[in-house]
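Asker: After the structure tokens below, expect a handful of questions from me.
The values are calculated or read from the model by the stated rules, or taken from the named source; none is laboratory data. It should be emphasised that the depicted structure is a prediction, and the values quoted were computed from it without experimental measurement. Don't worry about glycine lacking a Cβ; one is built from the backbone with ideal geometry, like all the others, and counts go over all protein chains shown.
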Amino acid sequence: MPQIVVLGWDSLVGEPGSLPLRDGRWREDGPRLPLELSRLAPQRFPSMALSRGGPLLQVFWSYMDTDSVGEAVWSLSQAVGCKPENVGFLDLVSGEYWCRTVDEHVDDIRAWALRKKGEGEGIEVVVWNDLKPDFEKKARRELTPENVVSYMRNLRPETKEQARHYLESLPPGIETPVLAAVRDDWSNLFSAPNQPGNM
């Protein structure tokens, strides 16, 4: 039976919801992948996504409480609110994989998983949120720290509150240029002293 792990880098780590995790524990030594606050969530606030050109950050990982790849993909798609085809996966046994965001980093995920196997972990399949960045398309402006801050200033109050909750739930170690700019403008954006990572 394959042992399946899921990668995480945003609020999924702190709030996995119905995602079936074997022991509920997220490990901090996942592969390094490029991330940025580059995708608009359904509520229209910027969220973290795999992004070419983003800083390489060490992501989190956890064992899933299923031995079915199909069920793992479906469960993750439901947890993040996307279609199953927007879930990436890598099968270490067959070599099969699916990734539409940063496919040039699939070998990095494979190398990490094989290294963990050498350390005694039973990883055979890796799944992850593979939703593409879409800020530039939907916000109709270039993805820059300044443009994202400007965009967020014009969000509705209820959307800003959802954005603040999301940003405050990001796990430690997730640091990007766009997120840094949002932090610098935190008091103007949210009229509150708290900043993600400084609570």
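Asker: Scan the range 65-85 residue by residue and report those that are assigned to a helix (DSSP H, G or I) and charged (D, E, K, R).
Answerer: GLU71, GLU85
Asker: Within the range 127-143, restricting attention to residues that are of a type in the set (D, E, K, R) and touching a helix residue (DSSP H, G or I) at 6+ places or on another chain (Cβ under 7 Å), which residue is nearest to ASP65 (Cα to Cα)?
Answerer: ASP130
Asker: Those residues that are at pLDDT 95 or above and of a type in the set (Gly, Ala, Ser), I need them from the range 122-168; list them, please.
Answerer: ALA139, SER150, ALA163
Asker: The conditions are (1) surrounded by fewer than 17 Cβ atoms within 10 Å (Cβ to Cβ); (2) under 30 Å from LEU155 (Cα atoms), and LEU131 fails exactly one of them. Which is it?
Answerer: If we test LEU131 against (1) surrounded by fewer than 17 Cβ atoms within 10 Å (Cβ to Cβ); (2) under 30 Å from LEU155 (Cα atoms), just (1) comes out false.
Asker: Among the residues of the range 1-43, which ones are basic (Lys, Arg) and in a loop (DSSP other than H, G, I, E, B)?
Answerer: Across the range 1-43, the qualifying residues are ARG22, ARG25.
Asker: Which pairs turn up if I take residues in the range 54-65 that are more than 21 Å from VAL125 (Cα to Cα) and of a type in the set (Gly, Ala, Ser) and look for partners that are crowded, with 21+ Cβ neighbours inside 10 Å and at pLDDT 95 or above with beta carbon separation below 8 Å, at least 6 apart in sequence or on another chain?
Answerer: From the range 54-65, the pairs are GLY54/LEU35; GLY54/GLU36; GLY54/SER38.
Asker: Show the residue pairs meeting these rules: Cβ distance below 8 Å; 6+ apart or different chains; first residue within the range 156-185 and free of Cβ contacts under 8 Å to residues at least 24 places away in the same chain; second residue in a loop (DSSP other than H, G, I, E, B) and among the basic types (Lys, Arg).
Answerer: Once the first residue is free of Cβ contacts under 8 Å to residues at least 24 places away in the same chain and sits in the range 156-185, no partner that is in a loop (DSSP other than H, G, I, E, B) and among the basic types (Lys, Arg) comes close enough.
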